[in-house]
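Encoded as structure tokens, the structure appears first; notes follow it.
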Amino acid sequence: MTAARILNVVPTLMCGGTEHQFMTLSRRLDPARFTLEFACLRRWGPFVQELADRQIPLSEYRVATFRSVQAIAQQARLMRHIARRRIQIVHAYNFYGNVFAVPPARLVAPVVIASIRDCAPYLTAMQKRVQRYACQWADCVLVNAEAVRDWLIADGYDGSKIVVIGNGVDLTRFTGAPDPDGIRRALGLPRGTPLVVVVSRIARLKGLEPLLEAAAILKASHPDARFLIAGETAPNETAYLEALKCLAGEYGVTDRVIFAGFRADIPGLLAGADLSVMPSLNEALSNVLLESMAAGAPTVATRVGGTPEALADGVSGLLVASGDSRALAEAIARLLDDQRLARRLGRAARQVIEDRFSVDRMVRSTEQLYLELLARKRGALPVSA
């Protein structure tokens, strides 16, 4: 069987959750069945170099605004590329990838897939309508949580086209014994310091203000606890980072909160922490949540989007209402004070990832979807992956 040619169309190649998922998939697709290319709207991000190192073709289609002759010209250029390269599957990701690529790809590619990976609180009503229109031309709308599927159906999408494949975690990154003392030494903290880790991009929907308020609430009862916020800051969010630091000062927790920036040792941080917190105000199915669970870290998360699909309150972690800083503080205190409960929840969380959210399962499910869609277009029976 000749390998099917796939073109992934993505906005950028930064280090967000969606980017980590499609890059993980790209590394594990069966090369005997699929060959891969990428197209992006901006050649930004560290994954650009990885694609170059792996000799995966990457083309750029710069569009300042979709309401322009330039956008139409770039879409025509994309169509020519798909036809010339005999691309069989075009897989677009997120709003900009979907709106740019899905309608023109429909004219020349046998299979067109749109991906929507959150409930899009940042999109305007007009942008949501535009994306819904673009996705009508896709053979399939791939989502990563039942919560996203339900939201799309309520918003007018055809439910028969929506397929749910949850995110996958590479469990090999989360094996080996944790080194909590080493983590604390590296951070300049005394041995045994209670450490609460938040892995998050510095962005306004990540719930960092309630997290800082929770840190302030815990000052009296847990004076030694430290809160580490690990994650990169986008160029357009530097002012927001400074605002968060000012807020920490207002709450009197500047000495208790560490803004660590980008860290390459996230598995070690999570494994060595007393607990992980995901305080987001909006998520679909967070990679950080799944990675925390994979690391066996006792986890507190907000009850948003697809989070309850992975983490069961009191069974594999603790859930609180989003934006409720007092409930967040109480859940953190509960796990800091009850090590037996924390260990039990951490072990159960790891088991959930092994059973339901492994990267192998995600890759196999996506490969099967590709093959089924191709077989449907060829009028053949699906080929088992």
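The values are calculated or read from the model by the stated rules, or taken from the named source; none is laboratory data. Being a predicted model, the structure only gives us computed values, none of them experimental. Cβ sites come from the backbone with ideal geometry, for glycine too, and all protein chains shown count toward neighbours.
Scanning the stretch 1-30 for residues that are part of a loop (DSSP other than H, G, I, E, B) and at pLDDT below 90 returns MET1, THR2, MET14, CYS15, GLY16. Going by the conditions given, is ARG344 touching a residue at least 12 places away in the same chain (Cβ under 8 Å) and surrounded by fewer than 18 Cβ atoms within 10 Å (Cβ to Cβ)? Criteria not met by ARG344.
For the stretch 66-84, the set of residues classified as in contact with a helix residue (DSSP H, G or I) (Cβ under 7 Å, 6 or more places away or on another chain) and not aliphatic (A, V, I, L, M) consists of PHE66, GLN75, listed by residue number. When the residues of the stretch 146-161 are narrowed to those that are surrounded by 20 or more Cβ atoms within 10 Å (Cβ to Cβ) and aliphatic (A, V, I, L, M), which ends up farthest from ALA114 (Cα to Cα)? Filtering the stretch 146-161 for residues that are surrounded by 20 or more Cβ atoms within 10 Å (Cβ to Cβ) and aliphatic (A, V, I, L, M), the one farthest from ALA114 (Cα to Cα) comes out as ALA147. A single member of GLY156, GLY176 is modelled with pLDDT of 95 or more, out of contact with any His (no Cβ under 7 Å at 6 or more places or on another chain) and more than 22 Å from LEU13 (Cα to Cα), and it is GLY156.
Residues checked against (1) closer than 26 Å to ASN94 by Cβ; (2) without any contact (Cβ under 8 Å) to a residue 24 or more places away in the chain; (3) not in a loop (DSSP other than H, G, I, E, B):
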residue: GLU283; (1), (2), (3): yes, no, no
residue: VAL300; (1), (2), (3): no, no, yes
residue: GLU309; (1), (2), (3): yes, no, yes
residue: ALA329; (1), (2), (3): no, no, yes
residue: LEU336; (1), (2), (3): no, no, yes
residue: ASP355; (1), (2), (3): no, yes, yes
residue: ASP360; (1), (2), (3): yes, no, yes
residue: GLU367; (1), (2), (3): yes, no, yes
residue: LEU373; (1), (2), (3): yes, no, yes
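Evaluating TYR61 against the criteria (1) surrounded by fewer than 18 Cβ atoms within 10 Å (Cβ to Cβ); (2) farther than 20 Å from TYR370 by Cβ leaves one unmet condition, (1).
For the stretch 142-180, filtered to residues that are of a type in the set (D, E, K, R) and touching a residue at least 12 places away in the same chain (Cβ under 8 Å), the residue that is farthest from ARG364 (Cα to Cα) is ASP179.
For the stretch 105-132, filtered to residues that are assigned to a strand (DSSP E or B) and not polar (S, T, N, Q), the residue that is surrounded by the most Cβ atoms within 10 Å (Cβ to Cβ) is ALA114. Only a single criterion out of (1) modelled with pLDDT of 95 or more; (2) closer than 20 Å to TYR122 by Cα; (3) hydroxyl-bearing (Ser, Thr, Tyr) is not satisfied by SER286, namely (1). Scanning the stretch 328-341 for residues that are crowded, with 19+ Cβ neighbours inside 10 Å and in contact with a strand residue (DSSP E or B) (Cβ under 9 Å, 6 or more places away or on another chain) returns LEU328, ALA331, ILE332, LEU335, LEU336. Among the residues of the stretch 193-230, how many are of a type outside the set (Gly, Ala, Ser) and assigned to a helix (DSSP H, G or I)? Residues meeting the conditions: 10.
If only residues of the stretch 30-45 that are over 16 Å from LEU374 (Cα atoms) and in contact (Cβ under 8 Å) with a residue 40 or more places away in the chain are counted, the one that is surrounded by the most Cβ atoms within 10 Å (Cβ to Cβ) is ALA39. Pairs meeting the criteria (first residue in the stretch 203-231 and under 16 Å from VAL300 (Cα atoms) and not assigned by TED's automatic domain parsing to the domain that holds ALA271, second residue among the aliphatic types (A, V, I, L, M) and in a loop (DSSP other than H, G, I, E, B), beta carbons under 6 Å, at least 6 apart or on different chains) are lacking. The residue of the stretch 133-153 that is farthest from the chain's Cα centre (by Cα), among those that are acidic (Asp, Glu) and assigned to a helix (DSSP H, G or I), is ASP150. In the set (1) within 15 Å of LEU205 (Cβ to Cβ); (2) out of contact with any Lys or Arg (no Cβ under 7 Å at 6 or more places or on another chain), the condition left unmet by ASP224 is number (1). With respect to (1) in contact with a helix residue (DSSP H, G or I) (Cβ under 7 Å, 6 or more places away or on another chain); (2) under 24 Å from VAL169 (Cα atoms); (3) modelled with pLDDT of 95 or more, the lone exception for GLY306 is condition (3). The residue that is modelled with the lowest pLDDT, among those in the stretch 263-279 that are part of a loop (DSSP other than H, G, I, E, B) and surrounded by fewer than 24 Cβ atoms within 10 Å (Cβ to Cβ), is ALA264. The residues in the stretch 242-262 that are surrounded by 17 or more Cβ atoms within 10 Å (Cβ to Cβ) and in a helix (DSSP H, G or I) can be counted, and the count is 4.
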